[in-house]
Amino acid sequence: MKINTFSNRNRQEINKKIRNDTYDLIVIGGGITGAGILLDAASRGLKTLLIEKGDYSSGTSSKSTKLIHGGLRYLKQFDFWLVKEVGTERAIVHKLAPHLVQPEKMLLPLVEKGSYGKWLTSIGLKIYDILANVEGEDQRQMLDKKQALKKEPLLPKKILKGAGYYAEYRTDDARLTLEVIKTALNYGATAINYTEVEAFLYKENMVKGVKVFDHLLNEHYCIDAAHIINATGPWVDDIRRLNKSVQGDTLQLTKGVHLVFPHEKLPVTQSIYFDVPDGRMIFAIPRGKITYVGTTDTLYNENKEEVRTEVVDAIYLIEAVNHMFPKVNLTLEDVVSSWAGLRPLIQQEGKSPSELSRKDEIFVSPTDLVSIAGGKLTGYRKMAERALDKVIDRLDKQKRNTLKNCHTDTIKISGGPWGNYSEVTQYIKEIYQLIAPLGFTRHDAWFLVTTYGKQTKEILKIFETLSEKDIYKKLILAEFQFCADYEMIANPSDFFIRRTGRLFFDIQSLKDHLDTILEAYKHYFKASDSQVKKEQLKLLKAINNSELH
């Protein structure tokens with residue numbers, strides 16, 4: 001398995017190469033949509049560059065509900081097209097990256113005076129199965145009260161009438177985004193983070209490049225390209241403003257909040273999708289040592305760079321959980337972490353946040369800037385295909401004839417390849433057998449494989465070269481070195497938040513190893529004392545925000 005060097009320690013070299021090249025396509029935005037476009041374009045044969053102003057997936061694509069799911073609730077809005085597309089895409093994305101997109105059975109409790117009745121749920125789930133081509137044991141089952149309680153004893157016995165039981169997939173959105181970008185490198189793509197678009201370059205009134213600012217090297221420079229796609233999520237309209245092309249539909253941002261609890265505080269045995277008294281639906285999802293709950297859906301018009309969980313958001317979710325699971329009695333003190341993200345939805349007059357369509361929309365400006373907004377994590381591959389097709393339509397016939405058709409449904413994502421999910425579970429066992437004699441647990445093996453896939457062995461090779469005695473300190477140093485060499489981190493926040501998810505899913509390990517990683521950052525990136533201090537404060541602020549302080 002070949003792993004490409006992908007490192008900010010070669011920043012000058014990457015910067016020089018980008019300045020001296022001309023691209024067929026520049027993709028602005030390093031979230032899942034931009035990553036999908038990069039892979040699609042490069043694999044069809046276009047010379048493609050992706051530019052991200054922060055870290056990859058630092059916007060919406062690290063702050064979703066972390067599910068690859070079919071959007072059951074969109075059936076209530078009769079959005080059959082969306083359900084069919086994302087429902088079908090679930091199985092494709094699972095096949096491409098089963099270590100990152102894992103099967104997750106979902107329980108939908110039916111309660112007295114709830115949003116879902118038994119008959120409608122049964123019909124709805126059946127339609128869901130048909131639209132999404134669900135087969136075999138993954139097809140929906142309807143459970144009676146006794147069967148539902150057996151699956152989840154925490155459900156409210158008094159008002160419970162039964163449950164729907166169906167299949168979805170759980171993911172790590174930030175890891176998926178990064179691995180899609182890394183996969184694109186195999187097709188000659190280039191990607192750079194911490195590089196912000198400041199202006200467009202024009203030739204005969206058409207966009208033909210960008211002027212950018214490199215935040216790490218503190219330099220301005222220009223890049224030439226034949227075509228440009230704006231896939232910046234919540235920032236789509238900001239980029240359209242730079243292009244003076246905001247007309248017609250615009251974005252309406254909504255905020256979604258998730259809370260994290262120790263699993264023992266909310267010990268659900270599996271994922272639950274339940275309704276709350278105001279008619280909204282909420283997920284409770286167990287993951288390793290924790291259970292997370294979400295999400296809210298409220299209009300957001302404030303600072304896009306500082307989206308945080310407010311106490312009012314947390315109280316709403318806690319009350320919803322306590323209503324569905326009366327035995328747990330959660331309080332604000334039980335929250336160990338949280339995250340808040342923005343959905344870039346298309347504005348529709350008179351509709352509440354939850355009613356706004358999740359469909360994507362493509363805008364093409366008079367100067368030929370293609371922008372894509374809306375959509376869902378699950379549908380990233382088809383969104384990328386649609387956006388790229390707009391560019392391909394604009395190419396001359398000779399160039400078009402040299403390109404392949406979209407085939408990202410067959411390109412295995414970095415971290416594999418795998419034949420099926422059972423190979424992933426087998427590999428976790430193998431890794432456990434390797435690391436157990438050193439003092440590691442099954443959870444450690446699960447974390448490594450569901451984070452890095454088969455790249456875990458590369459991390460274990462680095463582990464063997466280190467002299468550190470404490471095994472957990474040694475492992476996290478090996479992970480950091482791997483992420484510095486092969487995953488383009490620029491600082492400890494990239495590592496703790498987006499490469500490993502520790503801020504959300506194992507905040508104690510972040511606190512325990514913060515000083516170790518700051519020291520490694522100083523050594524590995526030749527960072528000054530003031531840079532180290534700045535990074536320390538940035539992470540302490542992130543911890544504070546996630547803990548609702």
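List, please: which pairs have Cβ atoms under 7 Å, are six or more places apart or on different chains, and start with a residue in the range 204-217 that is within 18 Å of Arg241 (Cα to Cα) and of a type in the set (A, V, I, L, M) and end with one that is assigned to a loop (DSSP other than H, G, I, E, B) and open to solvent by less than 70 Å² (accessible area, probe 1.4 Å)? If the second residue must be assigned to a loop (DSSP other than H, G, I, E, B) and open to solvent by less than 70 Å² (accessible area, probe 1.4 Å), the pairs left are Met206/Thr367; Met206/Asp368; Val207/Asn243; Val207/Thr367; Val207/Asp368; Val207/Leu369. For the range 489-507, the set of residues classified as of a type in the set (Phe, Trp, Tyr) and farther than 18 Å from Asp334 by Cα consists of Phe495, Phe496, listed by residue number.
Restricting attention to the range 395-407, does a residue exist that is open to solvent by less than 40 Å² (accessible area, probe 1.4 Å), under 30 Å from Gln247 (Cα atoms) and either at pLDDT below 95 or part of a helix (DSSP H, G or I) (or both)? Yes, the range 395-407 contains a residue that is open to solvent by less than 40 Å² (accessible area, probe 1.4 Å), under 30 Å from Gln247 (Cα atoms) and either at pLDDT below 95 or part of a helix (DSSP H, G or I) (or both).
Screening Thr425 on (1) among the β-branched types (Val, Ile, Thr); (2) surrounded by fewer than 17 Cβ atoms within 10 Å (Cβ to Cβ); (3) farther than 29 Å from Glu179 by Cβ shows it passes everything except condition (3).
Of the residues in the range 199-215, not one is surrounded by 19 or more Cβ atoms within 10 Å (Cβ to Cβ) and within 30 Å of Lys105 (Cβ to Cβ). Just checking, does the range 167-187 include any residue being more than 30 Å from Arg498 (Cβ to Cβ), touching a Ser or Thr at 6+ places or on another chain (Cβ under 8 Å) and open to solvent by 70 Å² or more (accessible area, probe 1.4 Å)? The answer is no; no qualifying residue exists.
Restrict the check to the range 150-163 and report whether at least one residue is under 26 Å from the mean Cα position of the chain (by Cα), closer than 24 Å to Val321 by Cβ and touching a residue at least 12 places away in the same chain (Cβ under 8 Å). If you could, list the steps in order and put the result at the bottom.
As a first pass, look at the range 150-163 and keep what is under 26 Å from the mean Cα position of the chain (by Cα): none.
So far as the range 150-163 goes, no, none of its residues is under 26 Å from the mean Cα position of the chain (by Cα), closer than 24 Å to Val321 by Cβ and touching a residue at least 12 places away in the same chain (Cβ under 8 Å).
Evaluated against (1) surrounded by 24 or more Cβ atoms within 10 Å (Cβ to Cβ); (2) modelled with pLDDT of 95 or more; (3) not hydrophobic (A, V, I, L, M, F, W, C), Arg44 falls short on exactly one condition, (1). Restricting the range 118-143 to residues that are charged (D, E, K, R) and surrounded by 14 or more Cβ atoms within 10 Å (Cβ to Cβ), the residue that is modelled with the lowest pLDDT is Asp138.
If you check Asn8 against the conditions, is it of a type outside the set (Ser, Thr, Tyr), under 26 Å from Phe504 (Cβ atoms) and open to solvent by less than 30 Å² (accessible area, probe 1.4 Å)? It is true that Asn8 is of a type outside the set (Ser, Thr, Tyr), under 26 Å from Phe504 (Cβ atoms) and open to solvent by less than 30 Å² (accessible area, probe 1.4 Å).
With the requirement that a residue be assigned to a loop (DSSP other than H, G, I, E, B) and without any contact (Cβ under 8 Å) to a residue 24 or more places away in the chain, what does the range 101-129 give you? Scanning the range 101-129 gives a single hit, Gly117. Among residues of the range 397-411 being polar (S, T, N, Q) and within 22 Å of the chain's Cα centre (by Cα), the one that is nearest to His227 (Cα to Cα) is Thr408.
The range 260-369 holds strands (runs of 3 or more DSSP E) entirely within its bounds, and those carrying 3 or more residues that are among the small types (Gly, Ala, Ser) and surrounded by 19 or more Cβ atoms within 10 Å (Cβ to Cβ) map to 337-346.
Of Gly114, Gly70, all but one fail to be surrounded by 19 or more Cβ atoms within 10 Å (Cβ to Cβ) and either closer than 30 Å to Gln426 by Cβ or at pLDDT 85 or above (or both); the exception is Gly70.
The values are calculated or read from the model by the stated rules, or taken from the named source; none is laboratory data. All values derive from a computational prediction rather than experimental measurement. Quick reminder, even Gly has a Cβ in these numbers, built from the backbone with ideal geometry, and neighbours come from all protein chains shown. Surface areas here come from the heavy atoms of the whole protein model, side chains and all, with no ligands, DNA or RNA. Shrake-Rupley method; radii C 1.70, N 1.55, O 1.52, S 1.80 Å.
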